[in-house]
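Worksheet: one structure, shown below.
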Amino acid sequence: MSTPANGYINAGTLEEVRERGCTVVTGGGHAIALFSYGEQVYAVDNRCPHMGFPLDRGSVKDGILTCHWHHARFELSSGGTFNPFADDVRTFPVKLVDGQVWIDPVPPPRDEAGHWRRRLEDGMEHNLRLVIAKAALGLKTAGTDYRVPLEIGARFGTTYSAAGWGAALSMLTCTANMLPHLHEDDRPRALYQGLLHVARECAGRAPRFTVDPLPTSETRPEVFAGWFRNFINVRDDEGAERCLVTAIECGVPRDDIAAMIFAAATDHIYMDGGHVVDYANKAFELLDHLGWKMASQVLPSLVRGMARARRSQELSQWRDPIDLASMVWQAREELPDLLERGRTNAGGWDGEEALAGEILKDSPDEIIGALKQAVIGGATPRQLGAVVAHSAFLRMARFHTSNEFRDWDTVHNTLTAANALHQALKRTPTPELLRGVFDVAISIYLDRFLNMPSQRMPEPSPSPLPPIDQLDRLLDLVDSRQQVEECAHAVSGYLAGSGSSDDLMATMGSMMLREDSDFHSFQIVDAAFRQFQDRQGTESGRHVMIGLARFLAAHSPTPRSEGQTYQIALRLHRGEDMHE
């Protein structure tokens, strides 16, 4: 056995080490591979930093150690890798004393947080999901705040996509929103998935070139708002972006910036099927996490999509057989007067449940009329946003599986647009943004075929199982396909009992993160968590979680390949033997 001396481990004589070519010793919790090359002896961690294969099975040529499995290559003296998919292998100090070889089993210290930040950047740049997973775990262990990887992902996503803000940045923001509601062990997994989608979406894309602010002394918010809205109206994304950058850089207050963007996002009817308001809301939510210092980086990425968005008044389904677009335009024009009439009733409206039912009716005239009456009755923008979000979740909760599978996406799109409008109205309750309530309500109307027939809502009957067993059963159900109604009943039974709402949200977050989840899954989980927080203990809260359960069950199980990569990273992070 090796005998320690001043903390060092004896590996034998220099002659013995040279004869063997490679020697493996253990100490300090490490398996250490010694390689004799030239006149020197080098010591490296015997676990390949890529996927843990024993490096003593590799080969050395020209001072380069090559792993025998995936052929990752390392410069022997420093451990530095030539391959971004791997990582630098840790080296150990070697001493030669009186012909004896001694190894210090403690590798030189390094800045763990700095190392994993750099590795995350490498993973994003090269679209390497194993590297991204290892970096997410490494940053957590190093005690790094979640905003560090979030900012790296946000900067990368807003820089390396000429198309600007897209689905992946929304998913990354959803991840940040969900983190407080997840199990502790699921948080790095969530960050890994959010960051991975940004890397994928940006892979091979041209960067977005930024513009400088105007050399102007203009600082009036109303002037910038007029310019910006006009540029978006005429689809001039270049003019709109420079206007926005200038407004931010010259110090226009963030509330005015938000009002300007959301007004432009609702100057036309239901732009890009609700995605324009949705993306704008997500961009502001991202800034809630990262701070306003990132506004000039984040918000201009919205402009191209806003200027080029499809406007629903141009679509046949909004014009024929009923001219829905004209009905919405008329209601929008009446809105200032309706708000003025409603001022005398402010704070006295409590008709949310009744209005949610009205929005699900088959008559667009009645839907718009009910919304107008609510405004006159003193309903606040926040209340109206909450109502359309509830109605959209009811469409999901009552979605019948006799519909085509792709129609889950149809009901999802309206639902997430409704949630985005609600969240935006909490932030910016302006008359301009409130116009979007009519847009979303008519989109809910257009989705009425998804509830024909309407799926019955589960009864709120408590389950006889203990709460923990109910949650375990919920996870077991989604190991099989098409357990839609079973999951809906399981969630309804849990909420009717004594189980913790926080534990339910964490479990449903795990349901999503186990799968190869896409944009829609991230969006609906984030939306459901937001809505459920506002409605815990209410019937509408039960509707929200039933709708979420049905959607996730319909899309499970997937191949779970992203989870397999994460499990490999987790086992490597724990130091487990990967190749027994």
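Data overview
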| read-out | value |
| --- | --- |
| Close pairs from the stretch 212-241: first under 24 Å from residue 313 (Cβ atoms) and touching a residue at least 12 places away in the same chain (Cβ under 8 Å), partner open to solvent by 80 Å² or more (accessible area, probe 1.4 Å) and among the hydroxyl-bearing types (Ser, Thr, Tyr), Cβ under 9 Å, at least 6 apart | none |
| Condition broken by residue 25, with the remaining ones in (1) crowded, with 21+ Cβ neighbours inside 10 Å; (2) within 41 Å of the chain's Cα centre (by Cα); (3) not polar (S, T, N, Q) satisfied | (2) |
| Qualifying residue in the stretch 306-327 (condition: under 27 Å from the mean Cα position of the chain (by Cα), under 29 Å from residue 367 (Cβ atoms) and open to solvent by 40 Å² or more (accessible area, probe 1.4 Å)) | yes |
| Filter result for the condition that a residue is of a type in the set (D, E, K, R) and over 17 Å from residue 158 (Cα atoms), over 238, 285, 201, 218 | 218 |
| Yes/no for residue 495 being open to solvent by 40 Å² or more (accessible area, probe 1.4 Å) and in contact (Cβ under 8 Å) with a residue 24 or more places away in the chain | yes |
| Qualifying residue in the stretch 350-357 (condition: touching a helix residue (DSSP H, G or I) at 6+ places or on another chain (Cβ under 7 Å), at pLDDT 95 or above and more than 28 Å from residue 555 (Cα to Cα)) | yes |
| Of residues in the stretch 34-53 being farther than 15 Å from residue 88 by Cα and not hydrophobic (A, V, I, L, M, F, W, C), the one least open to solvent (accessible area, probe 1.4 Å) | 36 |
| Near pairs, Cβ below 7 angstrom, 6+ apart or cross-chain, from the stretch 559-570 (within 14 Å of residue 52 (Cβ to Cβ)) to any residue that is of a type outside the set (A, V, I, L, M) and open to solvent by 10 Å² or more (accessible area, probe 1.4 Å) | 565/129; 569/134 |
| Selection count where residues are over 19 Å from residue 299 (Cα atoms) and not in a helix (DSSP H, G or I), scope the stretch 134-174 | 5 |
| The stretch 111-133, residues that are open to solvent by 70 Å² or more (accessible area, probe 1.4 Å) and part of a helix (DSSP H, G or I) | 117, 118, 121, 125, 126, 129 |
| Flag if residue 483 is open to solvent by 10 Å² or more (accessible area, probe 1.4 Å), of a type outside the set (Gly, Ala, Ser), out of contact with any Cys (no Cβ under 7 Å at 6 or more places or on another chain) and touching a residue at least 60 places away in the same chain (Cβ under 8 Å) | yes |
| Conditions (1) over 27 Å from residue 196 (Cβ atoms); (2) small (Gly, Ala, Ser); (3) touching a Cys at 6+ places or on another chain (Cβ under 8 Å); number of the one not met by residue 549 | (1) |
| Any hit, the stretch 376-393, residues being in contact (Cβ under 8 Å) with a residue 60 or more places away in the chain and either within 24 Å of residue 486 (Cα to Cα) or part of a loop (DSSP other than H, G, I, E, B) (or both) | yes |
| Long-range neighbours under 8 Å by Cβ, at least six apart or interchain, first residue free of Cβ contacts under 8 Å to residues at least 12 places away in the same chain and among the aromatic types (Phe, Trp, Tyr) within the stretch 414-433, second surrounded by fewer than 24 Cβ atoms within 10 Å (Cβ to Cβ) and in a helix (DSSP H, G or I) | none |
| Of residues in the stretch 498-528 being over 21 Å from residue 563 (Cα atoms) and polar (S, T, N, Q), the one surrounded by the fewest Cβ atoms within 10 Å (Cβ to Cβ) | 498 |
| Options 162, 199; residue that is open to solvent by 40 Å² or more (accessible area, probe 1.4 Å) and more than 22 Å from residue 419 (Cβ to Cβ) | 162 |
| Only listed residue being part of a helix (DSSP H, G or I), basic (Lys, Arg), open to solvent by 30 Å² or more (accessible area, probe 1.4 Å) and within 27 Å of residue 323 (Cα to Cα), chosen from 361, 372 | 372 |
| Leading residue by the ranking (least open to solvent (accessible area, probe 1.4 Å)) among those in the stretch 254-295 that are at positive phi and within 19 Å of the chain's Cα centre (by Cα) | 274 |
| Close pairs from the stretch 17-33: first more than 16 Å from residue 95 (Cβ to Cβ), partner open to solvent by less than 30 Å² (accessible area, probe 1.4 Å) and assigned to a helix (DSSP H, G or I), Cβ under 7 Å, at least 6 apart | 33/55 |
| Given (1) of a type in the set (A, V, I, L, M); (2) open to solvent by 10 Å² or more (accessible area, probe 1.4 Å); (3) without any contact (Cβ under 8 Å) to a residue 40 or more places away in the chain, number of the condition residue 338 does not satisfy | (2) |
| Residue match in the stretch 535-547 (condition: surrounded by fewer than 20 Cβ atoms within 10 Å (Cβ to Cβ), out of contact with any Ser or Thr (no Cβ under 9 Å at 6 or more places or on another chain), of a type in the set (Asp, Glu) and closer than 27 Å to residue 421 by Cα) | yes |
| Qualifying residue in the stretch 398-419 (condition: surrounded by 24 or more Cβ atoms within 10 Å (Cβ to Cβ) and of a type in the set (Gly, Ala, Ser)) | yes |
| Subset of the stretch 175-187 (residues that are part of a helix (DSSP H, G or I) and either under 12 Å from the mean Cα position of the chain (by Cα) or free of Cβ contacts under 8 Å to residues at least 24 places away in the same chain (or both)) | 175, 176, 177, 178, 179, 180, 187 |
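For every residue, the table says whether it meets (1) of a type in the set (Gly, Ala, Ser); (2) under 29 Å from residue 257 (Cβ atoms).
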{"residue": "385", "(1), (2)": "yes, yes"}
{"residue": "395", "(1), (2)": "no, no"}
{"residue": "435", "(1), (2)": "no, yes"}
{"residue": "442", "(1), (2)": "no, yes"}
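The values are calculated or read from the model by the stated rules, or taken from the named source; none is laboratory data. Computed from a prediction, not measured in an experiment: that's the story for all the values here. A quick note on method: Cβ atoms are made from the backbone with ideal geometry, for glycine too, and the neighbour counts reach across all protein chains shown. With ligands, DNA and RNA removed, areas are computed over all heavy atoms of the protein, side chains included. Shrake-Rupley method; radii C 1.70, N 1.55, O 1.52, S 1.80 Å.
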